[in-house]
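Asks: Dropping a structure here in structure tokens format, bear with me for questions.
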Amino acid sequence: MNLWFLLGAFFLLLAIVGTALPIMPTVPFVLLAAGCFARSSRKWHRWLRQNPKFGPAVRDWEEHRCISRRTKFWGVTMTLLGGGSSTCLFIPRGWMKWTAMGIFVVASLIVLCWKECPPRDSS
């Protein structure tokens, strides 16, 4: 086992956690895991590309360097709603609250700036 494989497993674990927690991004961690597995394990990289949940995002990124409109929408929505509500509820007033909110807004803007995949043919 090498470092790339261990990093891939770590990022995949974070992606799986991100499917349940609204403030945790999923797709960036899946893409990081795919990059690590591409350097360390053909088997795991193939599994990730063929996975029904994670595969489409990995294939879009690897083949076209884009993410789907749906992924953008859910990423921004969950980041702002989940992160924003958590920040409002659990972080006391002051610079920490504003910093956390700023991070969520900047992360959302970055996602919105990523190239969007062209619509797929439904035929």
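Asks: Of all residues in the range 88-110, which are over 20 Å from the mean Cα position of the chain (by Cα) and on the phi < 0 side of the Ramachandran plot? If you could, list the steps in order and put the result at the bottom.
Replies: Applying the first criterion (over 20 Å from the mean Cα position of the chain (by Cα)) to the range 88-110 yields 88-99.
Listed by number, the residues that qualify are Cys88, Leu89, Phe90, Ile91, Pro92, Arg93, Trp95, Met96, Lys97, Trp98, Thr99.
Asks: Count, please, the residues in the range 73-123 that happen to be at pLDDT 90 or above, in contact with a Lys or Arg (Cβ under 9 Å, 6 or more places away or on another chain), of a type outside the set (Phe, Trp, Tyr) and within 30 Å of Glu63 (Cβ to Cβ).
Replies: 4
Asks: So Ser40 passes all but one of these: (1) modelled with pLDDT under 95; (2) surrounded by 18 or more Cβ atoms within 10 Å (Cβ to Cβ). Which condition number does it fail?
Replies: Here Ser40 clears every test but (1).
Asks: Go through the range 43-73 and report how many residues are part of a helix (DSSP H, G or I), surrounded by 15 or more Cβ atoms within 10 Å (Cβ to Cβ) and of a type in the set (A, V, I, L, M, F, W, C).
Replies: 5
Asks: Does at least one position in the range 49-60 carry a residue that is over 30 Å from Met1 (Cβ atoms), free of Cβ contacts under 8 Å to residues at least 12 places away in the same chain and not hydroxyl-bearing (Ser, Thr, Tyr)? Step through it out loud before you land on a result.
Replies: Applying the first criterion (over 30 Å from Met1 (Cβ atoms)) to the range 49-60 yields none.
For the range 49-60, residues over 30 Å from Met1 (Cβ atoms), free of Cβ contacts under 8 Å to residues at least 12 places away in the same chain and not hydroxyl-bearing (Ser, Thr, Tyr): absent.
Asks: Please go through the range 1-20 and pick out each residue that is surrounded by 15 or more Cβ atoms within 10 Å (Cβ to Cβ) and aliphatic (A, V, I, L, M). Break it down into steps so the answer makes sense when it comes.
Replies: Looking only at the range 1-20, we keep the residues that are surrounded by 15 or more Cβ atoms within 10 Å (Cβ to Cβ), and these are 4-5, 7-9, 11-12, 14-16, 18.
Within the range 1-20, Leu7, Ala9, Leu12, Leu14, Ala15, Ile16 qualify.
Asks: Can you find a residue in the range 15-22 that is β-branched (Val, Ile, Thr) and part of a loop (DSSP other than H, G, I, E, B)?
Replies: The initial filter retains those residues of the range 15-22 that are β-branched (Val, Ile, Thr), namely 16-17, 19.
Going one step further and asking which of them are part of a loop (DSSP other than H, G, I, E, B), we end up with 19.
For the range 15-22, residues β-branched (Val, Ile, Thr) and part of a loop (DSSP other than H, G, I, E, B): present.
Asks: Can you find, within the range 96-123, the residue that is surrounded by the fewest Cβ atoms within 10 Å (Cβ to Cβ) among those that are of a type in the set (Lys, Arg) and not in a helix (DSSP H, G or I)?
Replies: Here is the first cut: in the range 96-123, the residues of a type in the set (Lys, Arg) are 97, 115, 120.
From the residues that got through so far, the ones that are not in a helix (DSSP H, G or I) too are 115, 120.
Values: Lys115: 11, Arg120: 9.
Looking at the filtered set, the residue picked out is Arg120.
Asks: Let me ask you something else. Restricting to the range 81-95, what's the tally of residues that are crowded, with 17+ Cβ neighbours inside 10 Å and either in contact (Cβ under 8 Å) with a residue 24 or more places away in the chain or among the hydrophobic types (A, V, I, L, M, F, W, C) (or both)?
Replies: 1
The values are calculated or read from the model by the stated rules, or taken from the named source; none is laboratory data. This is a predicted model, so every value here is computed, not measured. Methodologically, a virtual Cβ is constructed for each residue, glycine included, from the backbone with ideal geometry; neighbour enumeration extends over all protein chains shown.
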